[in-house]
Amino acid sequence: MKNMPKVKKMWVVLISALLMLSLVIVGCNANNKTEQSKKGKYPEKPLTMVIPFGAGGGTDQVARMLAGIMEKDFGQPIICVNKTGGAGAIGYTETANAKPDGYNIVLSTSNISTIKATGNSQLTYQDFEPIIAVNFDAPALMVKADSPYKTAKELLDYANKNPKKLNVGTGTPGGLWHVGVIKLEKEAGVQFNIVPSTTGGASASVSLLGGHVDAIVIPPNEAIAQIKSGEFRMLGTMTPERLKDFPDVPTFNEMGYNVVILSLRGYLAPKGTPAEVVKVLHDHLKKAMENEKYINYMKDQVSNIIYMDSAKYKEYLAKEYESYTKLIEEAGLAKK
Amino acid sequence: MNKDRLLALILLIVSAVTFYETAKFPELSNDLQVVDAGFVPKLLALFLTISAGILIYRSYRISTEKIVISLKDSGIIRIGLVLIIMALYGYFLPLIGYELGTVIFLGVLMIIFRLNNWFKIVGISVAAMLAIYYIFIVSLKVPLPLKFL
Amino acid sequence: MDPVLSAIQMVINPEILLLLLAGVVGGIAIGSIPGLTATMAVAILTSFTFGMSAIEAIMVLLGIYVGGVYGGSIAAILLHIPGTPSAIMTARDGYPMAKQGLAGQAIGISTTASFLGGMISVVFLVLGAPIISRFALKFSAPEYFALAIFGLSIIANVSGKSLLKGLIAAALGILLSAIGMDPITGIQRFTFNEMNLQTGLNFVPLMIGLFGLSEILQQLRNVENHVEVRQEIKNVVPSFSLLKRLSKVIVRSSLIGTFIGALPGAGGTIASFAAYNDAKQTSQHPEKFGEGIPEGVAAPEAANNATVGGALMPLLTLGVPGDAITAILIGAFMIHSLQPGPMLFKNNPEIIYAVYLGTALANIFMLIVGLAGARLFARAISLPNNILIPLILLLCIVGSYAVSNNYFDIGVMILFGIIGYSLDNLDVPMAPMVLGIVLGPMAETNLRNALIMAQGQVSVLFLRPIAAFFWVITIAMLLWPKLKKRWQARSQEVVTEE
């Protein structure tokens, strides 16, 4: 009890010290603000770029690369933030709820068109202002070089005669690559034994390398080392047109199966972000996309650059949402 | 209350919740159900229920320590107070910002722990706040909410 | 020119060495801060390396990798907060040593063991990478399931007084790890309509709560009978006789770490558990484990640093990642137009040798920095408790937030602090719970994946040779202590008869 008065006195001192400190800091800050508002033009503070997936993944690399290039001309720092969870839902929610002032954007994937159907979130593209589309990946059917199947037809013929005999590995369950395999089964009228891998496409390629599955369906960029060294053979891609880097590999579309699966990446801003700010962001991002570094990176990754402006991207998202929702229902992966 | 009986009670609640939740898992039409999503959790819940039974049975045969929770215990009060302060700090962090929140948080804790040198309290709080600011926010770009810096 | 020579030329130059050193120091600093893991450090800093040349970038990242894996042990020893998940077992004996005033020595042992583990794994990386990584490919779902069960059998050895309570803790841990989206079907399990739970509980805040916060709560409870510990900080470098005593443990642990590191589906955390268990099993004094025995620090640290060399094997030879960090490293290679895998050996062999050399040098730098810093670190916890505890609590909160920049994780950390404290008071041990959390998902998903692959045939789990091998050693390990006791009793009888 003896301590009581002392403690009280300390409180007074502490609080007054804190007040003084905060006054000083506020003072400094106020100076800063007036300086900045003189310019009075967007951008006048750092831009937050939300990455709805983990550090080190494909989406993360694309975002950080573009941010790095764009920062040089943007005039303000760009802060990349990984907000992971719920198949991207947490990152999307964060941006959807942010102030629509142009300082919050998210690098979206085609998950934006599936999270509602799979029950991860209620958000759709309609809760955002699309800015620009930057790249896409599409899955391909691959086998090991020593596999007996030289063409997709041979493999599908075998599967047709031997239902559930072929083990086909793919990415995360319920993800787009998985949906692609199911769609292929339906279109070709065959049954595989599908083995999804919980940690994504890269581990599916490890299973194929180890001979634990007969074929895999993942995008080429998750198995580049093996494709380039000739250990894997691509039998068909799920793109609308043949890949530039692999002109000999046919698409399933031209084989007569209507299987087109694309995961498109692009930037979204919260609903209500002013059009002129979206324009500024679009122009900066477009310039970053044209940078040699980005082009080379995409080439090395066997990934694909695609450019869509805000209006086109929005149109695309509307179509994508409709078709993927149907796909997921067909595949039996929809929740309620 | 007897320690083992309290543990058994907790385990029974956990397994009841598990059984209740697994019963709600949807039936899926696809082929991924050789062993379904509820299999392992149900197995574990069953194990916990049996363990709870063994614990209760044992508690009547072997005497175990009793656990007494009393609000007169100064240790318990101190723990509660610290936890509440931590929760408040976490809750108010986005509102009052990292800088002021952190200095107040550290200051209040040091006062509770009877550090009687106000110079140290303020100095250490501000120094620690700045150190973490430079490590986390400046170098590692962790987006803690800032109001001033 | 000979690729080995050009690799030496590339690496041995002041600028590159400085970058490597900076990476190591940065890695140690980040690894030692609770909440910041080596994985995060490598991921975040990858983007800073865009502007560098390929060799500069690789050296910085290797330095961070090696330093970060080691740095996790520092907070584990000093504060009972594992800086990275693979340092959980280090806390088990390191923290009791610190409490006895031997923090400096414990860090010295962990540094030396980490160094030796890292170096041994580099030797295997250079000599055996192609063979070991081809062998690692033989592991598929049934093998990983058997490996996870083998790992879970360690519960018997870390349960303390009551095996039943150890098993209860493990079961609770596995249940906790089931929260979130089911990895096989994608349905929500135990998420209670909370979006933040959809991808499951974040491991790092959970661990900070269970180990760090609960320990502080325990101290707060008994603040009256607190004794100030004087840290003995003179002899941080382990003596030759101690090293000789530890050498067997370190070599065995390094082999375990190298091999588990090379498996694309297992990592440093499991390696450190397995090595600790192995050290305890083969020790003359298994009862001293958990009370602050040097072997208990050396084994997990040698193992988790040995996983670095192991994880680089599939990266360099096959182009597939051995763990989360090497997955990011592959991206970093790609940014600089280098394609890890078989083609790298053909096109840029000098880069491979540069990686060998860089990893070895990073380990040497780590040894020097770690030993030099040990005294400093030990002094840090000599601060009076009324200053130290508020600072630790602040680190717990900020570290939990930093994991995924989410306030929810602060709540998770506080909740698990309370849970850890309560379970501790109910005599439920923490280590089996963490084993359950780490190995539960591995066991469950691989069990279910194996059965999907085999279309429901249970025999696949036991009949494949590698899986069978793990089942046999699991059973042998569980029976070994009993056999040993019986055998000792019998030999004693013989002695007394004479």
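Miscellaneous remarks
- If you go through the range A:294-335 and keep only what is in a helix (DSSP H, G or I) and among the aliphatic types (A, V, I, L, M), you end up with A:Ile295, A:Met298, A:Ala311, A:Leu317, A:Ala318, A:Leu327, A:Ile328.
- Total residues in the range A:306-316, condition out of contact with any Pro (no Cβ under 6 Å at 6 or more places or on another chain) and touching a residue at least 60 places away in the same chain (Cβ under 8 Å): 6
- Residue list for the range A:108-122, filter: in contact with a Phe, Trp or Tyr (Cβ under 6 Å, 6 or more places away or on another chain) and either at pLDDT 90 or above or assigned to a strand (DSSP E or B) (or both): A:Ile112, A:Ser113
- Hey, C:Gly117 farther than 19 Å from C:Ser253 by Cβ and in a helix (DSSP H, G or I) or not: no
- Residues in the range C:9-63 that are of a type in the set (S, T, N, Q) and without any contact (Cβ under 8 Å) to a residue 40 or more places away in the chain: C:Gln9, C:Asn13, C:Ser47.
- Tabulated pairs, the range C:324-345, first closer than 13 Å to C:Thr49 by Cα and facing chain A (nearest Cβ under 7 Å), second hydrophobic (A, V, I, L, M, F, W, C) and buried (at least 20 other Cβ atoms within 10 Å of the Cβ), C-beta under 6 angstrom, 6+ apart or interchain: C:Ile328/C:Val42; C:Ile328/C:Ala43
- Restricting A:Gly102, A:Gly88 to those that are within 12 Å of chain C (Cβ to nearest Cβ) and not in a strand (DSSP E or B) reduces the list to A:Gly88.
- Of residues in the range C:154-179 being surrounded by 18 or more Cβ atoms within 10 Å (Cβ to Cβ) and over 20 Å from C:Leu201 (Cβ atoms), the one farthest from the chain's Cα centre (by Cα): C:Lys165
- Failed condition for C:Ala41, given (1) within 12 Å of another protein chain (Cβ to nearest Cβ); (2) surrounded by fewer than 24 Cβ atoms within 10 Å (Cβ to Cβ); (3) modelled with pLDDT of 75 or more: (2)
- Of the helices (runs of 4 or more DSSP H) lying entirely inside the range C:364-461, the ones with 2 or more residues being of a type in the set (D, E, K, R) are found at C:408-425, C:431-453.
- Taking first residues from the range A:163-180 that are closer than 17 Å to A:Leu264 by Cβ and more than 11 Å from every other protein chain (Cβ to nearest Cβ) and partners that are acidic (Asp, Glu) and in a loop (DSSP other than H, G, I, E, B), no Cβ contact under 9 Å between residues at least 6 apart in sequence or on separate chains turns up.
- Selection from the range C:189-207 of residues that are within 7 Å of chain A (Cβ to nearest Cβ) and among the polar types (S, T, N, Q): C:Asn196, C:Gln198, C:Thr199
- Residue satisfying all of: in the range A:192-202; polar (S, T, N, Q) and touching a helix residue (DSSP H, G or I) at 6+ places or on another chain (Cβ under 6 Å); nearest to the other protein chains (Cβ to nearest Cβ) among these: A:Thr198
- Qualifying residue in the range B:105-115 (condition: over 22 Å from the mean Cα position of the chain (by Cα) and either in a loop (DSSP other than H, G, I, E, B) or more than 7 Å from every other protein chain (Cβ to nearest Cβ) (or both)): yes
- Taking the range A:257-272 as the range and being assigned to a loop (DSSP other than H, G, I, E, B) and closer than 25 Å to A:Gly174 by Cα as the test, the residues that pass are A:Tyr257, A:Asn258, A:Val259, A:Val260, A:Ile261, A:Leu262.
- Residue check: C:Ile168 meets all listed conditions (1) more than 30 Å from C:Leu318 (Cα to Cα); (2) at pLDDT below 85; (3) of a type outside the set (Ser, Thr, Tyr) but one, namely (2).
- Looking only at residues of the range A:214-238 that are surrounded by fewer than 24 Cβ atoms within 10 Å (Cβ to Cβ) and in a loop (DSSP other than H, G, I, E, B), we find that the one that is farthest from the other protein chains (Cβ to nearest Cβ) is A:Asp214.
- For the range A:52-60, the criterion of a residue being under 20 Å from A:Lys293 (Cα atoms) and more than 9 Å from every other protein chain (Cβ to nearest Cβ) is satisfied by at least one position.
- Qualifying residue in the range A:273-293 (condition: of a type in the set (Ser, Thr, Tyr) and not in a loop (DSSP other than H, G, I, E, B)): no
- The set of residues from the range C:438-473 being touching a residue at least 12 places away in the same chain (Cβ under 8 Å) and not hydrophobic (A, V, I, L, M, F, W, C) comprises C:Gly440, C:Pro441, C:Glu444, C:Thr445, C:Asn446, C:Arg448, C:Asn449, C:Arg464.
- Some residue of the range C:155-178 being more than 13 Å from C:Leu439 (Cβ to Cβ), within 14 Å of chain A (Cβ to nearest Cβ) and not basic (Lys, Arg): no
- In the condition set (1) under 21 Å from C:Met334 (Cα atoms); (2) modelled with pLDDT of 90 or more, A:Asp300 is compliant with all but (2).
- Test: residue in the range A:186-193 that is touching a residue at least 40 places away in the same chain (Cβ under 8 Å) and of a type in the set (Lys, Arg): yes
- Just one of the listed residues (A:Val213, A:Val278, A:Val259) is modelled with pLDDT of 90 or more and closer than 21 Å to A:Tyr125 by Cβ, namely A:Val278.
- For A:Asn120, the requirement of being within 12 Å of chain C (Cβ to nearest Cβ), of a type outside the set (A, V, I, L, M) and under 30 Å from C:Glu194 (Cα atoms) is met.
The values are calculated or read from the model by the stated rules, or taken from the named source; none is laboratory data. What you see is a predicted model; the values in this text were computed from it and never measured. For neighbour counting, all protein chains shown are included, and Cβ atoms are generated from backbone atoms with ideal geometry for every residue, glycine included.
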